[in-house]
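Worksheet: the structure to be examined is printed underneath.
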Amino acid sequence: MSGLGKTYWPEIISTLRNIIPIYNRVNRVISLGKDADYRRMCLNKQLKIGDRILDAGSGFGNMSKLARNELQGDLEVILYDPIIEMLQIGRSLDNKPDSSIELSSGIFEYLPFRNNIFDAVLCGYSLRDAIHLKGAIIEFHRILKPNGRLLIVDLGKPDQAFLDALVSMYLRYLLGVLAFAVAGSKGLGFRALYGTYKRWPKNSELKKMLEKEFSEVQFRKYMFGGAVIIAAVK
């Protein structure tokens, strides 16, 4: 089963909760400065004014903030995350409280929304934290309107053994060194990324999973396949 599973998922959520104060700072470094760039590339011309979007696994709402900036704030945004503390920070997307941003807490596999109500679902570095990946994809498809888009930016897992080993070595060893240099011992929590990577499907497998549910899947790979940007159309 692709996904973290019911046993490992609570451990990852606990780790994420512990690294809240340093999350953005360390994420910028361990992504080699590309995290925000990849989010922008994922969003580029995929949304339109007035869209209703679900920021799934929103954390602080980093994807939503970029989307709102791109469209001058004219979007209906719901932040959805299992960690309530992150949602509370995320409501202040533009450094000031915004009561127009809705908050909802839960998991991907059981979304508390009706069918066909979102123009887009955003997953910024969050889909790999699904408990059950197939179930999450089915749920995202369910809540999207016809022609709605699932927009994903995340780790990639190269199909080629050599590149897979290269990415694995970075996540298992070098990432911890960089995170410690930026944030001290608290930064070592980011080593949990390696555990999520081990449970993540290879790029070709992820593409096939999405193609089973969505009519069109655009799948772009970067950093030797260690980063992916995906647009899946219902």
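The values are calculated or read from the model by the stated rules, or taken from the named source; none is laboratory data. Note that the coordinates shown come from a computational prediction; the quantities given were computed from them, not determined experimentally. Glycine gets a Cβ as well: all are built from the backbone with ideal geometry, and neighbour counts include every protein chain shown.
Listing for the model above:
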{"read-out": "Breaking point among (1) aliphatic (A, V, I, L, M); (2) outside any helix (DSSP H, G or I); (3) within 23 Å of GLU211 (Cα to Cα), for ALA136", "value": "(2)"}
{"read-out": "Residue list for the stretch 84-96, restricted to those being at pLDDT below 80 and of a type in the set (S, T, N, Q)", "value": "SER92, ASN95"}
{"read-out": "In the stretch 176-218, the residues that are touching a Ser or Thr at 6+ places or on another chain (Cβ under 9 Å) and closer than 22 Å to LYS145 by Cβ", "value": "MET209"}
{"read-out": "Candidate set from the stretch 135-161 (those that are touching a residue at least 60 places away in the same chain (Cβ under 8 Å) and of a type in the set (Gly, Ala, Ser)); member that is farthest from PRO201 (Cα to Cα)", "value": "GLY148"}
{"read-out": "Scan of the stretch 182-191 for residues that are surrounded by fewer than 20 Cβ atoms within 10 Å (Cβ to Cβ) and in contact (Cβ under 8 Å) with a residue 24 or more places away in the chain, ordered by number", "value": "VAL182, ALA183, LYS186"}
{"read-out": "Boolean, ASP81 is modelled with pLDDT under 95, touching a Gly at 6+ places or on another chain (Cβ under 9 Å) and not hydrophobic (A, V, I, L, M, F, W, C)", "value": "no"}
{"read-out": "Residue match in the stretch 105-118 (condition: outside any loop (DSSP other than H, G, I, E, B), in contact (Cβ under 8 Å) with a residue 40 or more places away in the chain, crowded, with 21+ Cβ neighbours inside 10 Å and touching a Lys or Arg at 6+ places or on another chain (Cβ under 9 Å))", "value": "yes"}
{"read-out": "Test: residue in the stretch 201-209 that is without any contact (Cβ under 8 Å) to a residue 24 or more places away in the chain and under 21 Å from GLY124 (Cα atoms)", "value": "yes"}
{"read-out": "Matching residues, the stretch 139-165, being over 25 Å from LYS198 (Cβ atoms) and either of a type in the set (Phe, Trp, Tyr) or outside any strand (DSSP E or B) (or both)", "value": "HIS141, ARG142, ILE143"}
{"read-out": "Residue count, the stretch 200-225 (criterion: crowded, with 17+ Cβ neighbours inside 10 Å and either modelled with pLDDT under 95 or at positive phi (or both))", "value": "2"}
{"read-out": "Residue under evaluation LEU127, criteria (1) in contact with a helix residue (DSSP H, G or I) (Cβ under 8 Å, 6 or more places away or on another chain); (2) loosely packed, with under 15 Cβ neighbours inside 10 Å; (3) modelled with pLDDT of 95 or more, criterion not met", "value": "(2)"}
{"read-out": "Members of the stretch 210-220 found to be in contact with a helix residue (DSSP H, G or I) (Cβ under 9 Å, 6 or more places away or on another chain) and within 16 Å of CYS123 (Cα to Cα), listed by number", "value": "LEU210, PHE214, VAL217, PHE219, ARG220"}
{"read-out": "Of residues in the stretch 48-71 being touching a helix residue (DSSP H, G or I) at 6+ places or on another chain (Cβ under 8 Å) and surrounded by fewer than 20 Cβ atoms within 10 Å (Cβ to Cβ), the one modelled with the highest pLDDT", "value": "LEU66"}
